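Contents: one structure, followed by commentary.
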Amino acid sequence: MLIREVNVSEKQEFNRVATHPLQAWEWGEFREKTGVTVIRLGAFEGTELKLGYQVTIHKVPYWGVNVGYFPKGPMPDDQQIEALKNVGKEHNCILVKLEPNVGANQDVKEYLSKQGCRPGRPLFTRYTFQVDLRPTEEELMAKMKPKTRYNIGVAQKYGVVVREDNAAAAVDEFIRLTQETTKRQGFYAHSEDYQRLMWETLSKTGMAKLLTATWQGKMLAAWVVFVFNGVIYYPYGASSAENREVMASNLMMWEIIRLGKKLGCTILDMWGALGPVPDQTDPWYGFHRFKEGYGGSLVEFAGSWDLVLKPSIYPLYRLAEEWRWKVLRLKARIWG
C-alpha cells in the first residue's frame, strides 16, 4: 500500500474508513482548534483509501519535545508502524502512543512488543460495555438486570421526559451539570472551553447530539452522545444530585438505546468500564455497575502502547507523566 497524508478533498472517504469518533475528520478539526497539531495519513490501494490514521501532536511543557497520540485507530502493520515512526521523528516526539481499536489478544501484544512498543499509561479506557442493538426492544429489556428494568419503569411512572435538545440553553445546563458532577464525585474533567469547542465543532455535523432528562421543569441529567459509522457512543454524561429517586439517568440510557436503533446503529458503546473484576472502592465503580445493568458485553481492547522514539529520555518522561496524573487527581479531590 501507498501511505501518504490525506487532503481535505478526501474527507468523506477518510471518515468512511475511520474506526472511531476519535479518528473522525471532525474530531481532528476540533483538536486543531485547541492548538494541537493533527496529522492524517491514509493507506491507499491505487486510488482507493483503505485505512486512515489520525495522529495528534502534543507539546511536553518545558522539555522542548512532543508526544504523538494515535487513539482508537486500526491495528497498524509493519509499513504503517514505519509511517507512524516517521511522523514522530518529524515532530520531535519522545513516543507515539498507540491505543488500537482492536480486541486484546496475545498476538497483538507480541507484535507491538517486537515493534519497539512498551505498555504505556492509558489515556483511553481499556474496557467498555457494548450493547448489541439489533434485537427488539422487548429482547433488549429482557437482557437487562431486574433492578435496571425496574428503575426505568420508575422514571416512566414519575413522568421523566427525555428528548434531544441541542439549544444553547441546554448546552449551558450540560456544562453546569458536568461541573456539579465532577465536584461531587471528585473526578478530573475537561475545561468549559474544551467542552464548548467540542460541542460547537461536532454538533454542526450531526455527529454529536445532546439529550436531556427533565422532571417537573428541572433538568436532572444531560448527556452528549456521538453517532458514527453505525455505532452510538456515550462519552459524556452529567446529572444533578437532586431528585435521584426519579431515576432519570436510567431512563436516559434506555432512550439512547432506542435512539441508536432509530438511527440504524447496531451497537451502543458506553465508552468505558473497569474490567472483569472491578474494585468496589474505585471511584468509577458506581458508573461501571450502572452501565453493567443494561446487559451489554464487556469488551477488552488491546490497551495502551508507547512506540518509543527517544529511549534515552523515555523513562524520565514516564516518571513525570505518572506524577502529573497524581497531581490532577489530587486537585480534583481537593477542589471538588
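A few points about this structure:
- Over all projection directions, the Cα-based convex hull of segment 92-193 averages an area of 12.0 nm².
- Heavy-atom accessible surface of Phe228, to the nearest 10 Å², is about 20 Å², with a 1.4 Å probe and all protein chains retained.
- Sulfur and carbon atoms: percent of accessible area, segment 185-253 [1.4 Å]: 45 percent
- Average accessible surface for segment 234-286: 46 Å² per residue, computed with a 1.4 Å probe over protein heavy atoms with every protein chain in place.
- Largest to smallest principal axis extent of the C-alpha atoms in the chain, angstrom: 59, 48, 40
- Heavy-atom accessible surface of segment 56-189, averaged per residue, reaches 52 Å², computed with a 1.4 Å probe.
- The order of Asp306, Asp77 by accessible area, most exposed first and with a 1.4 Å probe, is Asp77, Asp306.
- Whichever aspartates and glutamates have a C-alpha closer than 16 Å to that of Lys85, once near sequence neighbours (fewer than 8 apart) are set aside: Glu5, Asp77, Glu99, Asp306
- Distant alpha-carbon pairs in segment 1-131 (separation over 18 angstrom), percent: 55 percent
- Of the accessible area of segment 32-81, computed with a 1.4 Å probe over protein heavy atoms only, carbon and sulfur atoms account for 51 percent.
- Point-charge dipole on Cβ atoms (K/R +1, D/E -1) for segment 58-211, about Cα centre, debye to 20: 540 debye
- With the helix formula -39500 (n - 2.57) applied to DSSP H stretches of n ≥ 4, the chain reaches a computed 222 nm mean residue ellipticity of -12500 deg cm²/dmol.
- Highest-MSF residue in the chain out of Tyr150, Tyr62, Tyr294 [GNM, Cα springs under 10 Å]: Tyr62
- Placing +1 on each Lys and Arg Cβ and -1 on each Asp and Glu Cβ, with no other charges, gives the chain a dipole about its Cα centre of roughly 820 debye.
The values are calculated or read from the model by the stated rules, or taken from the named source; none is laboratory data. Because the structure is a prediction, the values reported are computed rather than measured. Glycine also receives a Cβ, built like all others from the backbone with ideal geometry; neighbour counts cover every protein chain displayed. Just the protein is used for accessible areas: all its heavy atoms, side chains included, with ligands, DNA and RNA removed. Shrake-Rupley method; radii C 1.70, N 1.55, O 1.52, S 1.80 Å.
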